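Peer 1: Please see the structure below; I have some questions.
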Amino acid sequence: MLHLILGRAGSGKTLRVRSLLAEQACVGADGLVLLVPEQYSFESERAMLRLTGPQNAARVEVLSFTRLTAQLFKEYGGIAGERIDDAGRIAAMGRALSSLADQLVVYRRFANSTEFTLSALEAVRELKLCAIPPRQLMEASAKAGQPDLQAKGRELALIAMAYDAQVARHCVNSEDDLTRLCDLLEEHHHFTGKTVVLDSFKGFTGQQKKVLEHIIAQAKEVFITLCTDSLEEKEGGLGLFSNIKATARQLIDMARRHGVKVAA
């Protein structure tokens, strides 16, 4: 079941879900996971230790998306391979652009510039964060009404494909970790029977939402705190909490797609 814990800042959402986990840990429950942003992991571990006591603290796994990914790669495979760094990314993008010299039209005159190499890297990084694979961009570009937009989208998709191919020859790109994690969760139902709490997130990237969908589909109970006073949208998408409300609707849609009940 999916539980959305709503409230404005300071209303007690974090205390509510921490207390829930502590209560379960103190009666001997297993499979308890608290997923928080990286910057809150130490604070959350300390808070859970205070609430559960040292004898039960280990029953609650406090993880960030980065730590979760590392843990599951270690358990199911995915660690192997040298990690590419920023310098390597720039070199790989340079090689990718050179390999496309005869296929680029819109971006041909920029392809040899350092500024364009960095801009292309940022664009590809944004595509990865939004969980948009190059082939999906290619298909969407073909349906665009404007010829200029079609050409730009097509060439960006080609650049992304060539870049991924260059990186894959020698290294593993950490920007693809969450996408690879989704593949693992497709095969290994790691969260089956677990209670998972997500707290203190201001929003989720496209990649994180893909992982979240697997968690919602697999876990026994999922609790997610959201900083909003309600789910009702009255401001036409322009209100203070409109983005959070849109995220809530997406989470509810995920649950319904997998036949998961949504609590009031």
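Peer 1: Amide H of Ala131 versus every other amide H placed in the peptide plane: which residues, excluding those fewer than 5 positions away on the same chain, fall under 5 Å?
Peer 2: Counting only residues 5 or more places away or on other chains, the set is Gly206, Gln207.
Peer 1: Could you derive backbone 3J(HN,Hα) for the range 183-191 from the dihedral phi with the Karplus parameters 6.51, -1.76 and 1.60 (θ = phi - 60°), listing whole Hz in sequence and x where the residue is Gly or Pro?
Peer 2: Per residue, the Karplus-derived 3J(HN,Hα) values read 4, 5, 5, 5, 8, 10, 7, 4, 9 Hz.
Peer 1: Calculate, in whole percent, how much of the Cα-Cα pair population of the range 27-116 lies beyond 16 Å.
Peer 2: Roughly 70 percent, once rounded to a whole number.
Peer 1: Something else: Considering the zone a paramagnetic label at Arg169 would reach in this model (a point 7 Å from Cα along the Cα-to-Cβ line), which residues of the range 76-92 have amide N under 20 Å from it?
Peer 2: Of the residues in the range 76-92, 81-92 have backbone N under 20 Å from the label point off Arg169.
Peer 1: Provide the packing ranking of 212-222, 16-26, 254-264, i.e. peptides ordered by the mean count of other C-beta atoms within 10 Å per residue, highest first.
Peer 2: Ranked by mean Cβ neighbours within 10 Å, highest first: 212-222, 16-26, 254-264.
Peer 1: Further question on the same structure: How large is ³J(HN,Hα), in whole Hz, for each residue of the range 163-174 in order, when computed from phi with the Karplus curve 6.51 cos²θ - 1.76 cosθ + 1.60 and θ = phi - 60°, using x for Gly and Pro?
Peer 2: These are the phi-based 3J(HN,Hα) values: 5, 4, 5, 5, 5, 5, 5, 10, 9, 10, 9, 4 Hz.
Peer 1: Let me check the size of the chain from its C-alpha atoms; what are the radius of gyration and Dmax in Å?
Peer 2: Computed over the Cα atoms of the chain, radius of gyration and Dmax are 21.3, 66 Å.
Peer 1: Pull up the cross-link candidates among the aspartates and glutamates for Lys143, meaning alpha carbon to alpha carbon under 18 Å and not fewer than 8 places away within one chain.
Peer 2: Within the straight-line limit of under 18 Å, Lys143 reaches these aspartates and glutamates: Glu155.
Peer 1: Also: Please list, in chain and number order, the residues 5+ apart from Leu34 or on another chain whose amide H is under 5 Å from its amide H, with Hs placed from the backbone.
Peer 2: It is Glu61, Val62, Leu63, Val197, by chain and number.
Peer 1: Residue separation times 0.36 nm, minus the C-alpha to C-alpha distance between Ile90 and Phe116: what's the value?
Peer 2: 8.3 nm
Peer 1: Grab the DSSP H runs of the chain that are 4 residues or longer, score each as -39,500 (n - 2.57), total them, divide by all residues and round the 222 nm result to the nearest 500 deg cm²/dmol.
Peer 2: -17500 deg cm²/dmol
Peer 1: Extension gain Glu75-Ile132, at 0.36 nm per residue separation less the Cα-Cα distance, in nm?
Peer 2: 17.8 nm
Peer 1: Let me ask something additional. Can you give the extra length, in nm with one decimal, that the chain gains between Cys182 and Glu43 once fully stretched, where that is 0.36 nm per residue apart less the Cα-Cα distance?
Peer 2: Length gained between Cys182 and Glu43: 47.3 nm.
Peer 1: Please give the per residue accessible area of the chain, computed with a probe of 1.4 Å over protein heavy atoms only, in Å².
Peer 2: That works out to 54 Å² per residue.
Peer 1: What part of the accessible area of the chain, given as a whole %, is carbon or sulfur when the probe is 1.4 angstrom?
Peer 2: Reported share for carbon and sulfur atoms: 53 percent.
Peer 1: Could I ask something else about it? Write down the radius of gyration of the range 121-264 and its Dmax, each obtained from C-alpha positions, in Å.
Peer 2: Taking only Cα atoms of the range 121-264, I get Rg and Dmax of 17.9, 51 Å.
Peer 1: Among all the lysines, which ones have a C-alpha under 23 Å from Lys261's C-alpha, if same-chain residues fewer than 8 places away are not counted?
Peer 2: Lys13, Lys194, Lys209, Lys210, Lys220, Lys245
Peer 1: Which of Thr66, Thr192, Thr114 moves the most in a Gaussian network model of the chain with Cα springs under 10 Å?
Peer 2: Comparing Thr66, Thr192, Thr114 in a Gaussian network model of the chain, the most mobile one is Thr114.
Peer 1: Per residue of the range 54-60, what does 6.51 cos²θ - 1.76 cosθ + 1.60 with θ = phi - 60° give for ³J(HN,Hα)? Whole Hz please, x for Gly and Pro, Karplus curve as stated.
Peer 2: x, 6, 10, 4, 5, 6, 10
The values are calculated or read from the model by the stated rules, or taken from the named source; none is laboratory data. Just so it is clear, the structure is predicted and the values come from calculations on it, not from any experiment. Every residue, glycine as well, gets a Cβ built from its backbone with ideal geometry; the counts of neighbours run over all protein chains shown. Just the protein is used for accessible areas: all its heavy atoms, side chains included, with ligands, DNA and RNA removed. Shrake-Rupley method; radii C 1.70, N 1.55, O 1.52, S 1.80 Å.
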